[in-house]
1. Measuring with a 1.4 Å probe in the full set of protein chains, what accessible area per residue, in whole Å², belongs to region 70-209?
2. Add +1 for every Lys or Arg and -1 for every Asp or Glu among the other residues with Cβ under 11 Å from the Cβ of THR182, and state the total.
3. Residue-wise, which Karplus ³J(HN,Hα) couplings in Hz belong to region 125-131, taking 6.51 cos²θ - 1.76 cosθ + 1.60, θ = phi - 60°, and x for glycine or proline?
4. Where nothing but the Cβ of Lys and Arg (+1) and of Asp and Glu (-1) is charged, how large is the charge dipole of region 70-209 around its Cα centre, in debye to the nearest 20?
5. Just how many pairs of Lys in region 70-209 have C-alpha atoms closer than 25 Å, counting pairs that are eight or more places apart or on different chains?
6. I want to check the label-to-label distance for ASN176 and GLN91. Put each point 7 Å from Cα in the C-beta direction and report it in nm to one decimal.
7. For VAL204, which sequence-distant residues (separation of 5 or more, or a different chain) have an amide H within less than 5 Å of its own amide H, given hydrogens modelled in the peptide plane?
8. Using a 1.4 Å probe on the protein heavy atoms, what percent of the accessible area of region 70-209 belongs to carbon and sulfur?
Amino acid sequence: MLKKQLLSPFPLLLIFLNFITTSAQSPAQAPASPIVLSPPAPPTVLAPAPPTVPLLAPQALAPTKGSPNIYTILKKASQFTTFIQLLKITQVGDQINIQLSKNQRLTIFAPPDNAFANLKTGTLNKLTDQQQSELLQFHVLTSFFSGAQFQTVSNPLPTEAGSGGRFPFNVTTTSNSVNITTGIVNATVTHTIFSDNQVAVYQVDKVLLPYDIFGPPAPAAAPVPSKPKKKAPFADADSPSGSSNDDASVIPSGAIGLVYHALNPICFIVSIIAAISL
Ligand SMILES: *[C@@H]1O[C@H](CO)[C@@H](O)[C@H](O)[C@H]1NC(C)=O
Ligand SMILES: *[C@@H]1O[C@H](CO)[C@@H](O)[C@H](O)[C@H]1NC(C)=O
Ligand SMILES: *[C@@H]1O[C@H](CO)[C@@H](O)[C@H](O)[C@H]1NC(C)=O
C-alpha cells in the first residue's frame, strides 16, 4: 500500500516526459493537450490580416492553425539543419514551442547552416552544456518585432539567455537593413522566414556569439549572484584541435549533450528508488 503510493509518480513522470518529447513533433495536437501551467485562454490566435513588414518582406508562409512550431517553420525553410539540431539538443526549441503554445510573443534569429560552418573550428565544442543553451537562447527575444519596429528599439535588447543586463545585443538599422551587434560579431538580418504577429523568425547571416560567453572572462567580483559557475565536468573532453570539419565538430558535443539530458530523468528515478528502498 505504502509502496504503491510511493511508486505512483513513475507512470505520471514517464507520461509527462513522453508528452514533452512527442508534443514538440506534433503541433496539431498541442492545443488540446493538458499542458502544465496552461492558462485558460483560448489556444489559437488567428492573425486577422497579413503582417505588415515594410522593411523585410515576409516569405510566402501562411500562418498555421493552432500554435506555430519552430521546428516545422525552420524545416520548411530548409538550410537550418544545424540550428534545428542544436535547438533539439539543448531543448531550447522545446521551450520555444511551449511558449508559443501559451501565446507568448517571440522573435527568433536563425543562422543558416553556412553560418555555423563559418565558425572557427571548435567554437561550439568549447561550450559547456549551459553555455550551449545560452547560445541558443541568445537568438530569441521575448517579444514580437516586425522589421519596422526594429527601427525604434532602444539598445541594448535583452535576450532570453539572460536577465539583469546579461546577454543583450544591439540592433542598428538603416532604411533598408537591420544589423545586430553582440560585441563579438556584427550580423545582418537577411530576410523574414516567418511572421504571424505572434512569432517572427528572421534569417541572420552569422551565428550570434554572445559577449557574455565569448568576451573576456568577467572579473571575479562580477555581480552574477543567481547563475552557477559555468564549468561542465566534460568541458575538457573535446579536443577540437585535430578536427577540420565543422559539421563533425557539432556532433560530438551534441552527443554529450544528449547523454547529459538523458541522465537527468534517470538520476531522478534512481534517487526515488533509493529513497523507497531505505
Ligand atoms: C549592416 O552591416 C552591413 C554589412 O556589414 C553594412 O554594409 C551596413 O552598413 C550595416 N548597416 C547598419 C545599419 O549598421
Ligand atoms: C549597445 O548600445 C549601448 C547603448 O547605446 C552601448 O552602451 C553599448 O556599448 C552597445 N554595445 C555594443 C556591443 O555595441
Ligand atoms: C562591428 O561594427 C562596429 C561599428 O559598426 C565596429 O566598430 C566593430 O569593429 C565591428 N565588429 C566586428 C567584429 O566586425
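The values are calculated or read from the model by the stated rules, or taken from the named source; none is laboratory data. This is a predicted model, so every value here is computed, not measured. Note that we place each Cβ from the backbone using ideal geometry, even for glycine, and neighbour counts take in every protein chain shown. Remember, those area values only see protein heavy atoms, side chains included, never the ligands or the DNA or RNA. Shrake-Rupley method; radii C 1.70, N 1.55, O 1.52, S 1.80 Å.
1. Values: 5050 Å² over 140 residues.
Value for region 70-209: 36 Å² per residue.
2. Working: positive: LYS206; negative: ASP212.
Net of charged neighbours comes to 0.
3. 4, 6, 7, 6, 4, 5, 5
4. Values: 9 positive and 7 negative charges, 10 e Å.
It works out to roughly 40 debye.
5. Total qualifying Lys-Lys pairs in region 70-209 comes to 12.
6. Between ASN176 and GLN91, the label points sit 4.5 nm apart.
7. Residues meeting the amide H criterion: ALA110, THR190.
8. Numbers: 2390 of 5050 Å².
Roughly 47 percent of what the probe reaches on region 70-209 is carbon or sulfur.
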